[in-house]
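Student: The structure's right below; bear with me while I get my questions together.
The values are calculated or read from the model by the stated rules, or taken from the named source; none is laboratory data. In this text the structure is predicted, and so the values were computed from the model without any measurement. Methodologically, a virtual Cβ is constructed for each residue, glycine included, from the backbone with ideal geometry; neighbour enumeration extends over all protein chains shown. Surface areas here come from the heavy atoms of the whole protein model, side chains and all, with no ligands, DNA or RNA. Shrake-Rupley method; radii C 1.70, N 1.55, O 1.52, S 1.80 Å.
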Amino acid sequence: MVSDGSSADIESKLSAEEIRYMLHGSDSELVLNSLPVGVALLRMPGYILEMANSTFARMIGEVKSHSLAPESRFEEVLPKQWMNVIIPLVDRAIETKNRVTVCKARSGAEEGGSDAYWLIACQPVPNGASNTHHAIILSQDVSEQSVLLKRLKALSALGSSLSRGYSLDEFLADGVGKCSAAISADYCAAFLLDQDTPRLLRVAESKPLCWLPSEITFDSPEEWPCGIETSASAYVSLPQANAREARWLGSIGAYGYLRIPLMTVGRPIGGMAAVFKKIGYVPPQEDIEFAELVAERCAMAIAANAAIAEYGRLLAAEQEAHRAATAKAAQMEALLESLECGVVAYDRNGYVILTNRACEEMLDVGKPQSRYGDDIAFGITLEKLDGEAVSLKEMPYCKLLREAALADQHYMMHYTDGSYRVISFNGGIVRDAKGQMSSAIIIMRDITRMYEMEKTREEVIRLISHDLRSPLTLILARAQMMERVADKPDAVRKNAMGIVLSARYMNIMISDLSDSFRIQSGKITLKRQVFDLAKFISDCVERWLDAPETTRLKLDIEPNLPPVYADPVRLERILTNLTTNAFKYSTGDSEVLVEAARYQDSDDQALISITDHGQGIAEDELPHIFERYWRASEARERSEGMGLGLYICKELVEAHGGRIWVHSVQGQGSTFFFTVPFAG
């Protein structure tokens, strides 16, 4: 490296005569040879060497300065490697009239030593108007500074490699390579201890020489060739080596090796070995310290790599646990959401921490965001099944939080729209490791249908017992009267007619009950046929003429109606139920009108209607008249029927693809309409 001096550089103020006087004075040789820098004086042109001290002679490889004879040509005394450095340096200094500096390494290979680094400067010295010039050459041995700088750069590069995230193999290879170069070792390798078996595994080497095997198995720490058994570095040469080390050094032609342990957290994890072939060589302490610094960084990289691997393992385990927990939570949530039972959980303070869809529907609330249980309890109205109101203190969750028993407790829950549900409450307590309550869980089951079925069952039993007993009583009474008036034909005929009507009424009730069960179980089937609707209605009326009330029945059938496609048995059943109701709920002398015509709202359906002039149906009862077991208030007061006739009519009409409805005005009467499809 060459640099030119600037105008600010210190210029020599001495003349050539003054310089020569200094160099050739009585004590000049003693003074010059005592200087720590090399000094030489050249006269230009011609490169005539006038004077040089011993330090300069040592730089260029001469043993003593008197080997450099005065007044000799500089080219004749300079070795070739220095000729190519110093001569261009002098020329440039003379040309620029400035000081010029260069750094040059002198190889120590010839002497078996290390390289030496010299900083060389040339300062031109003008000599007035004369064409003769002088040049002073100054040199300084900077080997120690160069080596130190080189090692600092190596350590800095290792630190950069560590921070840039090099792979461990790359980092260790780089480390042993830099260590080998910095301490002038012929070979360097790094080993790691196998945690499972007593062996060392080579993980890096400075050169692919394999002077140390890839795997070393040992029986005891004393056999370790890298000195891992101690925390201190040591240099082992052939004179001090044990038998095994001596065989190994001899096999590779080496004189000694430096062993440096790799330590993390005060325990050995491996070691480094630097091999030297130079006979009698002992590495200086600074080389050992540098090797220890490299080993320390390699150990840091190994520890960091292990920490990263452990962190990765823990992170993967945490992620897997999180995935498993998420999957389990999703499964649990899906399970809870699929349950028909409502689930609500409270913490020990009574705050809602979990609900499912069924619970939210039953309680008529949305997702409770950590709401207190009272917020929900105040929003619902509970009654016991006997009609007694339930106080807040007796609410299921309050009883459960007091750790009271909560098993199969049935309550009626009323909603703001007037509807209700019957809910069965069950609950349990979750306790922590100390036996203290940590949470409470309530399971709610909607048993409204079961409750209503039970009520219906009881009502049906009561109705059947009552309604079937009435016609049976009448039949028995009429039969007994027939027995007493056997000789009176008119009386016999009248009693026989009463028996027929009572038997027909019983048959209708039994058929309604039977069809109700079939409809509920989905077992009812239609046997459709194509037939003439007008003739069908007329035939039905003919069959009904034996009943006295049929004299009130009138027909109004539109001419030329297309044939219908229906089940004639089921269609007669619909007509029978509707006309029977019309006779039952109208006065004995009022007309009952049966009409059949094309349905104006649908060209492919016939419209059939039955009109009576009875008391009519209350407006608030109209939405319920086709419900199963429902009876109008008048029927309930008279304890007539089971509430199945209209329900069965609706199911049979809809099974045909038609619809049924009613128009009624209280005090004027009712008209029931239903449609049946024409044949395609």
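Student: Does residue 303 qualify as being within 30 Å of residue 186 (Cα to Cα), touching a residue at least 24 places away in the same chain (Cβ under 8 Å) and surrounded by 11 or more Cβ atoms within 10 Å (Cβ to Cβ)?
Tutor: Details: within 30 Å of residue 186 (Cα to Cα): yes; touching a residue at least 24 places away in the same chain (Cβ under 8 Å): yes; surrounded by 11 or more Cβ atoms within 10 Å (Cβ to Cβ): yes.
Criteria met by residue 303.
Student: What are the residues in the range 573-603 that are of a type in the set (D, E, K, R) and under 24 Å from residue 617 (Cα atoms), if any?
Tutor: The initial filter retains those residues of the range 573-603 that are of a type in the set (D, E, K, R), namely 573, 584, 589, 591, 595, 598, 601, 603.
Of everything in the range 573-603, those that are of a type in the set (D, E, K, R) and under 24 Å from residue 617 (Cα atoms) turn out to be 573, 584, 589, 591, 595.
Student: Let me ask another. Just one of 555, 578 is in a helix (DSSP H, G or I) and either touching a helix residue (DSSP H, G or I) at 6+ places or on another chain (Cβ under 9 Å) or open to solvent by 30 Å² or more (accessible area, probe 1.4 Å) (or both); which is it?
Tutor: After applying the criteria, what remains is 578.
Student: Further, regarding this structure: When the residues of the range 417-447 are narrowed to those that are outside any strand (DSSP E or B) and in contact (Cβ under 8 Å) with a residue 12 or more places away in the chain, which ends up surrounded by the most Cβ atoms within 10 Å (Cβ to Cβ)?
Tutor: At the first step, the residues of the range 417-447 found to be outside any strand (DSSP E or B) are 417-419, 432-436, 447.
Still in the running and in contact (Cβ under 8 Å) with a residue 12 or more places away in the chain: 436, 447.
On the way: 436: 9, 447: 16.
Filtering first and then ranking leaves 447.
Student: Could you figure out which of (1) open to solvent by 50 Å² or more (accessible area, probe 1.4 Å); (2) modelled with pLDDT under 85; (3) assigned to a helix (DSSP H, G or I) isn't true of residue 369?
Tutor: In the conditions (1) open to solvent by 50 Å² or more (accessible area, probe 1.4 Å); (2) modelled with pLDDT under 85; (3) assigned to a helix (DSSP H, G or I), residue 369 misses (3) alone.
Student: A follow-up question, please. In a loop (DSSP other than H, G, I, E, B) and surrounded by 14 or more Cβ atoms within 10 Å (Cβ to Cβ) - does that describe any residue in the range 247-266?
Tutor: Among the residues of the range 247-266, at least one is in a loop (DSSP other than H, G, I, E, B) and surrounded by 14 or more Cβ atoms within 10 Å (Cβ to Cβ), which makes the answer yes.
Student: Read through the list (1) modelled with pLDDT under 85; (2) among the basic types (Lys, Arg); (3) more than 58 Å from the chain's Cα centre (by Cα), then give the number of the only condition that residue 598 fails.
Tutor: Checking residue 598 against (1) modelled with pLDDT under 85; (2) among the basic types (Lys, Arg); (3) more than 58 Å from the chain's Cα centre (by Cα), the one that fails is (1).
Student: Among (1) of a type outside the set (Phe, Trp, Tyr); (2) over 18 Å from residue 116 (Cβ atoms); (3) at pLDDT below 80; (4) open to solvent by 20 Å² or more (accessible area, probe 1.4 Å), which single condition is residue 64 missing?
Tutor: (2)
Student: Suppose we filter the range 372-394 for residues that are at pLDDT below 80 and either part of a helix (DSSP H, G or I) or touching a strand residue (DSSP E or B) at 6+ places or on another chain (Cβ under 7 Å) (or both); how many remain? It would help to see each step written out before you state the result.
Tutor: At the first step, the residues of the range 372-394 found to be at pLDDT below 80 are 372-381, 392-393.
With either part of a helix (DSSP H, G or I) or touching a strand residue (DSSP E or B) at 6+ places or on another chain (Cβ under 7 Å) (or both) added as a condition, the list becomes 372-377, 380-381, 392-393.
The number of residues fulfilling the criteria is 10.
Student: Select from the range 341-366 the residues that are open to solvent by less than 80 Å² (accessible area, probe 1.4 Å), modelled with pLDDT of 75 or more and assigned to a loop (DSSP other than H, G, I, E, B) and list them in ascending order. Steps first, please.
Tutor: If we filter the range 341-366 for residues that are open to solvent by less than 80 Å² (accessible area, probe 1.4 Å), which is where we start, we get 341-347, 350, 352, 354-356, 358-360, 362-363, 365-366.
Next, only the ones that are modelled with pLDDT of 75 or more stay: 341-347, 350, 352, 354-356, 358-360, 362-363.
Those that are open to solvent by less than 80 Å² (accessible area, probe 1.4 Å), modelled with pLDDT of 75 or more and assigned to a loop (DSSP other than H, G, I, E, B): 341, 350, 356.
Student: Okay, next question. For residue 270, indicate whether it is under 30 Å from residue 186 (Cα atoms), assigned to a strand (DSSP E or B) and open to solvent by less than 60 Å² (accessible area, probe 1.4 Å).
Tutor: On the way: under 30 Å from residue 186 (Cα atoms): yes; assigned to a strand (DSSP E or B): yes; open to solvent by less than 60 Å² (accessible area, probe 1.4 Å): yes.
Taking the combined requirement at face value, the residue satisfies it.
Student: From the list 577, 581, exactly one residue is at pLDDT below 95 and in contact with a Cys (Cβ under 6 Å, 6 or more places away or on another chain). Which is it?
Tutor: 577
Student: Let me ask something else. Do any residues in the range 596-610 that are within 15 Å of residue 563 (Cβ to Cβ) have Cβ atoms under 6 Å from those of residues that are part of a loop (DSSP other than H, G, I, E, B) and at pLDDT 90 or above, where the two are at least six apart or on different chains, and which pairs are they?
Tutor: Filtered contacts from the range 596-610: 597/558; 605/599.
Student: Before we move on, is residue 608 among the hydrophobic types (A, V, I, L, M, F, W, C) and over 26 Å from residue 503 (Cβ atoms)? Quick ask: steps written out before the conclusion?
Tutor: Values: among the hydrophobic types (A, V, I, L, M, F, W, C): yes; over 26 Å from residue 503 (Cβ atoms): yes.
So residue 608 passes the test.
Student: Let me ask another. Looking at the range 500-543, which of the residues that are open to solvent by 40 Å² or more (accessible area, probe 1.4 Å) and among the β-branched types (Val, Ile, Thr) is modelled with the highest pLDDT?
Tutor: 530
Student: Out of everything in the range 161-185 that is modelled with pLDDT of 65 or more and over 22 Å from residue 254 (Cα atoms), what residue ends up being surrounded by the most Cβ atoms within 10 Å (Cβ to Cβ)? Talk me through it step by step, then tell me what you get.
Tutor: So the first thing to find is which residues in the range 161-185 are modelled with pLDDT of 65 or more, and the list is 166-185.
Filter once more, so that each one left must be over 22 Å from residue 254 (Cα atoms): 166-172, 174.
Values: 166: 16, 167: 11, 168: 18, 169: 11, 170: 12, 171: 23, 172: 25, 174: 21.
Filtering first and then ranking leaves 172.
Student: Which residue out of 238, 192 is at pLDDT 75 or above, open to solvent by 40 Å² or more (accessible area, probe 1.4 Å), aliphatic (A, V, I, L, M) and in contact with a Gly (Cβ under 7 Å, 6 or more places away or on another chain)?
Tutor: Going through 238, 192 in turn, just one is at pLDDT 75 or above, open to solvent by 40 Å² or more (accessible area, probe 1.4 Å), aliphatic (A, V, I, L, M) and in contact with a Gly (Cβ under 7 Å, 6 or more places away or on another chain): 238.
Student: Say whether the condition of being at pLDDT 85 or above, open to solvent by 30 Å² or more (accessible area, probe 1.4 Å) and in a loop (DSSP other than H, G, I, E, B) is met by at least one residue in the range 323-331.
Tutor: The answer is no, given that none of the residues of the range 323-331 is at pLDDT 85 or above, open to solvent by 30 Å² or more (accessible area, probe 1.4 Å) and in a loop (DSSP other than H, G, I, E, B).
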